[in-house]
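Asker: Before we start, here is the structure in question, set down as structure tokens.
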Amino acid sequence: MTLTTIILLVLALYVAQIFLQETSRFGFDLRGIVGNRDTQPEASVVAGRLDRAKNNMLESLPIFLALALLALVKGGDTSEAAHAALLFLVARIVYVPAYVSGIFMLRSLVWLVAIASLGLMALPLV
């Protein structure tokens, strides 16, 4: 899988997280989702976790994109960066259900894998 494809998949994951977070607050009720949202219902535990998972992705996304784009701009062999980026993508996919599940330490371990993958993306750039 190319680095460009992985970048697009990470962005698609972020869009999916936005959708899940926004719709979960309304209990996936179409009427509330398509309305004007002047009044927001109280967030459930799951909606709160999805919101925090989305916010965490928002914090990681600029770092990921910067490293991925630097690898592309640098040119040459991007396979190391692509492997690390794929690890980031997989970890971030696993992170969402890990966070929602509330299983002790699972979210943190998956987060550490994602952060480590960013470090692995940076190594070939130095």
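Asker: Quick one: ALA66 ticks every box in (1) closer than 16 Å to LEU3 by Cβ; (2) not in a helix (DSSP H, G or I) except a single one, so which number is it?
Answerer: All conditions pass for ALA66, except number (2).
Asker: Output the qualifying pairs, or none if there are none: Cβ atoms under 8 angstrom, residues six or more apart or on different chains, first residue in segment 58-72 and closer than 14 Å to LEU120 by Cα, second residue hydroxyl-bearing (Ser, Thr, Tyr).
Answerer: Pairs found: ALA71/THR78.
Asker: Looking at this structure, is VAL90 at pLDDT below 95 and under 17 Å from the mean Cα position of the chain (by Cα)?
Answerer: Considered against the rule, which asks whether it is at pLDDT below 95 and under 17 Å from the mean Cα position of the chain (by Cα), VAL90 comes out as no.
Asker: Scan segment 75-99 for residues that are part of a helix (DSSP H, G or I) and of a type in the set (D, E, K, R) and jot them down.
Answerer: So in segment 75-99, the residues part of a helix (DSSP H, G or I) come out as 79-99.
GLU80, ARG92, listed by residue number.
Asker: Could you please let me know if GLU80 is within 24 Å of VAL110 (Cβ to Cβ) and out of contact with any helix residue (DSSP H, G or I) (no Cβ under 8 Å at 6 or more places or on another chain)? Spell out how you get there, then give the answer.
Answerer: On the way: within 24 Å of VAL110 (Cβ to Cβ): yes; out of contact with any helix residue (DSSP H, G or I) (no Cβ under 8 Å at 6 or more places or on another chain): no.
Criteria not met by GLU80.
Asker: Next up: Name every residue in segment 26-53 that is at pLDDT below 85, part of a helix (DSSP H, G or I) and within 19 Å of VAL100 (Cβ to Cβ), in order of residue number.
Answerer: ILE33 - this is the single residue of segment 26-53 that is at pLDDT below 85, part of a helix (DSSP H, G or I) and within 19 Å of VAL100 (Cβ to Cβ).
Asker: Let me ask another. Looking only at residues in segment 110-126 that are in a helix (DSSP H, G or I) and loosely packed, with under 15 Cβ neighbours inside 10 Å, which one is modelled with the lowest pLDDT?
Answerer: Ranking the candidates gives LEU125 first.
Asker: Next question. Scan segment 18-33 and report the pairs whose first residue is farther than 12 Å from ALA53 by Cα and among the aromatic types (Phe, Trp, Tyr) and whose second residue is at pLDDT 75 or above and crowded, with 16+ Cβ neighbours inside 10 Å, with Cβ atoms within less than 8 Å and a gap of 6+ or a chain change.
Answerer: Close Cβ pairs satisfying both conditions: none exist.
Asker: Now a separate question. Restricting attention to segment 113-126, which residues are over 13 Å from the mean Cα position of the chain (by Cα) and among the hydrophobic types (A, V, I, L, M, F, W, C)?
Answerer: Residues satisfying the conditions are ALA116, LEU120, MET121, ALA122, LEU123, LEU125, VAL126.
Asker: If I ask for residues that are under 17 Å from the mean Cα position of the chain (by Cα) and surrounded by fewer than 19 Cβ atoms within 10 Å (Cβ to Cβ), which ones from segment 73-87 would you list?
Answerer: In the first step, residues of segment 73-87 are kept if they are under 17 Å from the mean Cα position of the chain (by Cα); the result is 82-87.
HIS83, LEU86, LEU87, listed by residue number.
Asker: Still on this structure: Output yes when any residue across segment 100-109 is among the hydrophobic types (A, V, I, L, M, F, W, C), part of a loop (DSSP other than H, G, I, E, B) and on the phi > 0 side of the Ramachandran plot, and no when none is.
Answerer: Within segment 100-109 (the criterion being among the hydrophobic types (A, V, I, L, M, F, W, C), part of a loop (DSSP other than H, G, I, E, B) and on the phi > 0 side of the Ramachandran plot), the answer is yes, since at least one residue qualifies.
Asker: I need the full set of residues from segment 105-124 which are aliphatic (A, V, I, L, M) and under 14 Å from VAL90 (Cβ atoms), in order please.
Answerer: Here is the first cut: in segment 105-124, the residues aliphatic (A, V, I, L, M) are 105-106, 109-110, 112-116, 118, 120-123.
The answer is LEU109, VAL110, LEU112, VAL113, ALA114, ILE115, ALA116, LEU118, LEU120, MET121.
The values are calculated or read from the model by the stated rules, or taken from the named source; none is laboratory data. Predicted model only: the values in this text are computed from it and were never measured. Reconstructed Cβ throughout: ideal geometry from the backbone, glycine too, with neighbour counts over all protein chains shown.
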